[in-house]
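These notes are about the structure you will find just below.
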Amino acid sequence: MSATAHAKSKLWHGLVIGVLSAACALCLWHLGFLNWLERPLWDLRARLFASPSAATDRIRLIYLDQSSLDWGRREQGWPWPWPREAYAAIVDFCRRAEAESLAFDVLFTEPSRDGVEDDLAFREAIAACPVFAAAVMPTADESAPKTWPDGFRFKGIRLDPQTGSASIRPPEVAAVSFPIPEIGEPCCMLGSAHALPDSDNIVRRLAPAAVFDGRLLPALGLASVLVSTNFESAEFGKRSLSIGGISIPLDSGGRTILRWRGPHQVHRAVSAQAVIQSEVRLREGAKPVLDPSEFKGRHVLFGFTAPALGDLHATPMGALQPGVTCHATMLDNILAGDFMSDAPPWACAAWTLLMGIAGGILGRFCSRPWLAAVLLLCSAALPSAAGLVAYQAGFWLPVAPAHIASPCGVVAALVVNYAVEGRQKRFIKNAFKQYLSPHFIEKLIEDPTQLRLGGEARDLTIFFSDVKGFTSISESLDAERLTSLLNEYLTAMTDIIMEEGGTVDKYEGDAIIAFWNAPVAVPDHATRGVNAAIRCQAALAILRPELARKYGHGIYCRIGMNTGRVVVGNMGSSQRFNYTFLGDAGNLASRLEGANKIFGTNIMISEFTARSLGNAFYLRELSRLRVVGRHEPVRVFEPMTHDDAGRRSDVLETFSRGLQAFYAGKFSEAAALFETIAAADSPAKAYAEKCRTLLQTPPTSWSGVWELTEK
């Protein structure tokens, strides 16, 4: 092949690799599997570009912080919750200061414990303040109001009729917790204090409004603007909410992305203590602690910051912040008119495709290890560049898919280089792939000195399987079709064993012998082995109809498993050897495979395996067996998933009661129990027959052990 043709081949390989990498990354993104990566990257962008806006200074916060709580308790004798007269003083001060708006991020859903006079004093202050907005909270409580309360001054905002045909529907809430009538009735505006975080409990978006009882309920930040704005109705457009000359971009769920301000605590805040003291001094004709001009013409929000009051939220800015700052951020975005918008879906797809193709092509032409390292670093960092540019332009562009596509394209291309250019040493894999598991092959590649005779004592979980009625199957098929049938069956079973970390020891005709915990240590080897057995039976149930169609026989297999100490290692001559095991634990696994015939079960494990399983599976005790060649009886179990056990709970419960009666020598009682489920349960059928035999020929002594007379 000429150099030009070789370069073209590499180019096409890189292009295909890049497209496939991008397609996989986009699929993972749309399935939600990349949120773990996108969200931290989003938070990083939010922190990097967090800065004050032109509107930031138009917002003031009043915090009920820990020092205010301590002052109220120490100086005023106010326990928590504070009397409403304290809040009335805050409202009076803001009214006196001619604040543009005042929003309370506090729920007054219960009457004051200081009596109705306290609530009425607060009501009087609210009624005198024409720009006051109180908080409400959407709730799933069935007892909460489902309509706007009678007597309330504010009963939502009328929705424009065109909203019904909008492509984006606002969130709808069924019930809302309102302030008590004494407080809620005089309020000029009500706003939702709900700040719904993402699944990682970080608040990145807020719904600017929701529909309740057919009318619009604004969020508290939006309510802070609307309370001093003239408007008639609200309209949801294709991707925005329009109201009172304000347009807010929305995502498909009716929420808006917040553009966070920085640095930390960017909005000037004062303590509730300072505001209350200032109002009291002004009433007395004294100089206030806080100059009222601080609030003049500004939007004021009041909320809790004391840790004990529990209104703290995680935000992209890092540290926990008071919930009121989320509403202040929305208010800031509204006033500044610089909300973030979702980038169109094609932008994410195009950037991901570009980065995937770039990674694939550059990786395909990469020939030096140091260059590969540089390329990998660049492919991991570069995808965020577009996200930073988009953020500056006011768009959220998902970059996680590109962060996956680009390095995956590079890695895949390097792997292709490694394979196609022949840089891999294949000798050990080619020599031993027919005998050893992939785990052991990798271990041998790392340390070829392991290829010597010898062994070690180790606890293994051993797996024996056999095909039911294989003799009759083999007699009805010619050699070619029989071989094809076996290959399909053994491949399916082997793949599962390998996936669960097992080592296939050997095939003996239709039988599979495998084990776990060697040569690579597997701490949960019993669990992995039993899971492999259950998966094998499930896979065989799916494969069976296809085998029956092609070969005229649907295959069923029995599996026996035991856990115990054996000698495992390379055994044979110096020219030819196998990695296998020796020990009585393997003999018991083989006996249990055969014992399945008696009970009509597909999987049987010993008590030694069962001890290591914990609660991973439901274990149905089958019997106390004395197998051929062993003097001591062994408790045996049938493992199944908890879901399967749940579906058969009645049968399993009856079987367990019957088994206990059988152990106690109460054969009539046991037979009666087993016969009620014998039609639906093979082990119960076997026990019903066994009980009838024992009733006809009662044993001279009874230990509850079932004696096996054949292997």
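Side notes on the structure shown:
- Among the candidates Arg39, Arg60, Arg74, the residue that is under 30 Å from Arg205 (Cα atoms) and over 38 Å from the mean Cα position of the chain (by Cα) is uniquely Arg60.
- Where Trp78 falls short, out of the listed (1) assigned to a loop (DSSP other than H, G, I, E, B); (2) exposed (fewer than 15 other Cβ atoms within 10 Å of the Cβ): (2)
So that you can scan it fast, the table gives a plain yes or no per residue for (1) at negative phi; (2) touching a Gly at 6+ places or on another chain (Cβ under 9 Å); (3) surrounded by fewer than 19 Cβ atoms within 10 Å (Cβ to Cβ); (4) outside the structural domain of Ala595 (by TED's automatic domain parsing):
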| site | (1), (2), (3), (4) |
| --- | --- |
| Arg626 | yes, no, yes, yes |
| Gly646 | yes, no, yes, yes |
| Phe655 | yes, no, no, yes |
| Phe662 | yes, yes, no, yes |
| Ser668 | yes, no, yes, yes |
| Ile677 | yes, yes, no, yes |
| Ser682 | yes, yes, yes, yes |
| Ala686 | yes, yes, no, yes |
| Leu695 | yes, no, yes, yes |
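- Among the residues of segment 564-603, those that are among the β-branched types (Val, Ile, Thr) and farther than 23 Å from Pro683 by Cα comprise Val566, Val567, Val568, Thr580.
- Residues that are surrounded by fewer than 21 Cβ atoms within 10 Å (Cβ to Cβ) and under 15 Å from Cys378 (Cα atoms), drawn from segment 347-357: Leu354
- Selection from segment 96-117 of residues that are of a type in the set (D, E, K, R) and more than 48 Å from the chain's Cα centre (by Cα): Arg96, Glu98, Glu117
A quick yes/no check of all residues on (1) surrounded by fewer than 20 Cβ atoms within 10 Å (Cβ to Cβ); (2) within 28 Å of Gly586 (Cα to Cα); (3) in contact (Cβ under 8 Å) with a residue 12 or more places away in the chain:
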{"position": "Gly529", "(1), (2), (3)": "no, yes, yes"}
{"position": "Ala532", "(1), (2), (3)": "no, yes, yes"}
{"position": "Gln537", "(1), (2), (3)": "yes, yes, yes"}
{"position": "Ile542", "(1), (2), (3)": "yes, no, no"}
{"position": "Cys557", "(1), (2), (3)": "no, yes, yes"}
{"position": "Gly560", "(1), (2), (3)": "no, yes, yes"}
{"position": "Val566", "(1), (2), (3)": "no, yes, yes"}
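- Number of positions in segment 351-388 that are outside any helix (DSSP H, G or I), over 30 Å from Thr256 (Cα atoms) and either under 28 Å from the mean Cα position of the chain (by Cα) or among the basic types (Lys, Arg) (or both): 1
- Entry remark, segment 465-488: residues being among the aliphatic types (A, V, I, L, M) and either touching a Pro at 6+ places or on another chain (Cβ under 8 Å) or under 21 Å from Asn602 (Cα atoms) (or both) number 4 in total.
- Cβ-Cβ distances below 6 Å connect the following pairs, each with a first residue in segment 500-515 that is crowded, with 21+ Cβ neighbours inside 10 Å, a second residue that is assigned to a loop (DSSP other than H, G, I, E, B), and a separation of six or more residues or different chains: Thr503/Ser437; Ala514/Gly502.
- Among (1) under 30 Å from the mean Cα position of the chain (by Cα); (2) in the same structural domain as Asn562 (by TED's automatic domain parsing); (3) at pLDDT 95 or above, the one test that Asn602 misses: (1)
- Residue count for segment 313-350, restricted to those that are closer than 17 Å to Pro249 by Cα, over 27 Å from the mean Cα position of the chain (by Cα) and of a type outside the set (A, V, I, L, M): 7
- Flag if Gly156 is on the phi > 0 side of the Ramachandran plot and either buried (at least 18 other Cβ atoms within 10 Å of the Cβ) or touching a strand residue (DSSP E or B) at 6+ places or on another chain (Cβ under 6 Å) (or both): yes
- Looking across segment 257-289, the residues that are over 20 Å from Val106 (Cβ atoms), in contact with a helix residue (DSSP H, G or I) (Cβ under 7 Å, 6 or more places away or on another chain) and among the aliphatic types (A, V, I, L, M) come down to Leu258, Val266, Val280, Leu282, Val289.
- Listed by first and then second residue, the pairs with beta-carbon distance under 6 Å, at least 6 apart or on different chains, first residue in segment 631-660 and in contact (Cβ under 8 Å) with a residue 40 or more places away in the chain and farther than 24 Å from Ala538 by Cβ, second hydroxyl-bearing (Ser, Thr, Tyr) and part of a strand (DSSP E or B), are Val634/Ser606.
- Ser228 being assigned to a strand (DSSP E or B), over 35 Å from the mean Cα position of the chain (by Cα) and surrounded by fewer than 24 Cβ atoms within 10 Å (Cβ to Cβ): no
- Flag for Leu26 being of a type in the set (A, V, I, L, M, F, W, C), farther than 24 Å from Ile334 by Cβ and at pLDDT below 90: no
The values are calculated or read from the model by the stated rules, or taken from the named source; none is laboratory data. Everything numeric here is computed off the predicted structure, so don't read it as measured data. In this analysis, Cβ positions are derived from the backbone assuming ideal geometry, glycine residues included, and neighbour counts consider all displayed protein chains.
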